[in-house]
Amino acid sequence: MSTLTLAIVIVFVAGYLCIALESVTRINKAAIALLMCVLCWTLLMLAPGNYYPFVAEDGVVHHVAEVIEHHLGDAAGTLFFLMGAMTIVEIVDSNGGFNFVRDALKTRSKRKLLWRVAFMTFFLSAILDNLTTSIVMIMVLRKLVQSREERLIYAALIIIAANSGGAFSPIGDVTTIMLWIKGVITTQGVLTEIFIPSLVSMVLPAAILSLSLKGKFDKEQNLPSASVSQFTKAQRNAIFWLGVGGLVFVPIFKTLTHLPPFMGILLVLGILWTTTEIFHYNTAEDDTMAKRVSDILSRIDLSTIMFFLGILMAVAVLQEVGVLTALGEGLNEVFAGNYYVINGIIGVLSSIVDNVPLVAGCMGMYPVAVDGAMAVDGIFWQLLAYCAGVGGSMLIIGSAAGVVVMGLEKITFGWYMKRITWIAFVGYLAGILVYWLEKLVF
């Protein structure tokens, strides 16, 4: 490892520690992520010749800028998807679209609510994606649980259930989408063989968390009055189905047009925005202005967006200097042939750094074989889909779902690590064990 690469790794680790200690330093994690991003790229540009032999006519800066723009384009797709999904969910929520979903989950029993939230999140994340599902469920949860201390437990389970649900569906997580598009896993294979391990990785943590919830909610706390809205029930239902149905349509839109997913999100947002403006024609002026999408956009949590940007771009530097690839190769050499251990470690790493470049590195490093563990729907690729998806639950910044919930509910890194990490790890290991038993028996 060169001195430059070592310096970049040190900056990344230091930034990561500052993010982890946000509750101690009291410095917003977004600010740290942005500083970490800029410092890592600045260090890389000090000696770019080590990694980029091509130098443009106007100097090295131009070439490094092209590399930055390439990664920024990838990150922007995720950010626009995130902003679009958050806006769509906020529109549906502010106009009473989630009222009947809230009513379906409503119960005064704290444990019953936990199980209902867990299963709804699990299956919704397979249909939508873990990111969008987390946003939807947090919005609904806010209407059901007023106590912040108790709501954090439900929010943590939403992260675990969303990541577990996304792992057994080819469109439920970014990493499974990558593996599915590359052709190393099939829809039938991942649904039939990863479903039970994913379910176990959700049910076991839910059972453990349920032990910390006892009794019933106060009637006033858990059963709030319906949201005030001048829309009719039919209009609220139309907004809900346009929003949620549109999110379901995004993967179909991508398949039909081969455009990036964020383009589908923007299409749905445009349709929903137009529809709500038409519905507002016959409402009072004060209600119209309060629910306008332009006003909703101003309430989007930009600090979460900035944090996402900083993290994705900082990890991109590690990818550029070959740290992630070298790490994967090292794992292969040390644990040659034991794909359970290799993927298990990759899953743990995916809770520390973004799982997308980790999976991308694995796809480039390991060739697809005709048969065996490396074949299509082989043990390695299916385990990679499971571990990279579910492993992100172990730390709150280890997945898109975790980052979004962290921003929406202001959960600290330390609280999650102290209270939830070990629970998510138990579920993660249990799922791997179940998958091993499946292969052993069948």
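At-a-glance table
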{"read-out": "Full-extension gain in nm, residue 369 to residue 281, via 0.36 nm per residue minus C-alpha separation", "value": "25.7 nm"}
{"read-out": "Dipole of the chain, positive end: most advanced residue of 381, 437, 114 [Cβ charges, Cα centre]", "value": "114"}
{"read-out": "The chain: Cα Rg divided by the 2.2 N^0.38 Å rule of thumb", "value": "1.00"}
{"read-out": "Average projection area in nm² (convex hull over Cα atoms of segment 155-208, one quarter of hull surface)", "value": "3.5 nm²"}
{"read-out": "Residue-level accessible surface for residue 105, protein heavy atoms, 1.4 Å, Å²", "value": "10 Å²"}
{"read-out": "³J(HN,Hα), Karplus 6.51/-1.76/1.60, whole Hz, each residue of segment 184-199, x for Gly, Pro", "value": "8, 10, 10, 4, 5, x, 6, 5, 7, 9, 9, 4, 5, x, 5, 4"}
{"read-out": "Distance between modelled label sites at residue 218 and residue 109, nm, 7 Å Cα→Cβ extension", "value": "2.3 nm"}
{"read-out": "Residue 377 long-range amide H proximity, modeled H, under 5 Å", "value": "185, 186"}
{"read-out": "Order of exposure, largest accessible area first, which applies to 111, 151, 299 with probe 1.4 Å", "value": "299, 111, 151"}
{"read-out": "Computed helical MRE - 222 nm, the chain, DSSP H runs ≥ 4 contributing -39500 (n - 2.57), nearest 500", "value": "-24500 deg cm²/dmol"}
{"read-out": "Whole-percent pair-distance distribution, where bins are 10 Å wide, for the alpha carbons of segment 95-207", "value": "15, 44, 28, 11, 1"}
{"read-out": "Nearest-0.05 FRET efficiency for residue 3 and residue 192, computed from C-beta distance (R0 41 Å)", "value": "0.25"}
{"read-out": "Long pairs among 143/216; 29/143; 112/214, criterion Cα-Cα beyond 20 Å", "value": "29/143"}
{"read-out": "Rough spin-label spacing in nm, given labels placed 7 Å along Cα→Cβ, for residue 303 and residue 439", "value": "4.3 nm"}
{"read-out": "Per residue accessible area of the chain, 1.4 Å probe, in Å²", "value": "43 Å²"}
{"read-out": "Sites residue 149 and residue 256, calculated FRET efficiency, Cβ-Cβ separation with R0 51 Å, nearest 0.05", "value": "0.65"}
{"read-out": "Under Karplus coefficients 6.51, -1.76 and 1.60, residue-wise ³J(HN,Hα) of segment 5-11 in Hz, glycine/proline x", "value": "4, 4, 5, 5, 4, 4, 4"}
{"read-out": "Exposure ranking of 37, 18 by accessible area [1.4 Å probe, largest first]", "value": "18, 37"}
{"read-out": "Mean Cα-pair separation over length for the chain, i.e. relative contact order, pairs under 8 Å, 6 or more apart, %", "value": "25 percent"}
{"read-out": "Residue 148 accessible area, assembled protein chains, probe 1.4 Å, Å²", "value": "100 Å²"}
{"read-out": "Residue 93 - accessible surface, heavy atoms, 1.4 Å probe, Å² rounded to 10", "value": "20 Å²"}
{"read-out": "Percent carbon-and-sulfur accessible area, the chain, ignoring ligands, DNA and RNA, probe 1.4 Å", "value": "67 percent"}
{"read-out": "Prolate/oblate/rounded call for segment 67-149, Cα gyration tensor, a/c under 1.5 rounded", "value": "prolate"}
{"read-out": "Gained length - residue 295 relative to residue 430, 0.36 nm times residue gap less alpha-carbon distance", "value": "44.1 nm"}
{"read-out": "Calculated P(r) of segment 371-442 - Cα pairs past 20 Å, %", "value": "41 percent"}
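The values are calculated or read from the model by the stated rules, or taken from the named source; none is laboratory data. Just so it is clear, the model here is predicted, and its values are computed rather than measured. A quick note on method: Cβ atoms are made from the backbone with ideal geometry, for glycine too, and the neighbour counts reach across all protein chains shown. These area figures cover heavy atoms from the full protein model, side chains too; ligands, DNA and RNA do not enter into them. Shrake-Rupley method; radii C 1.70, N 1.55, O 1.52, S 1.80 Å.
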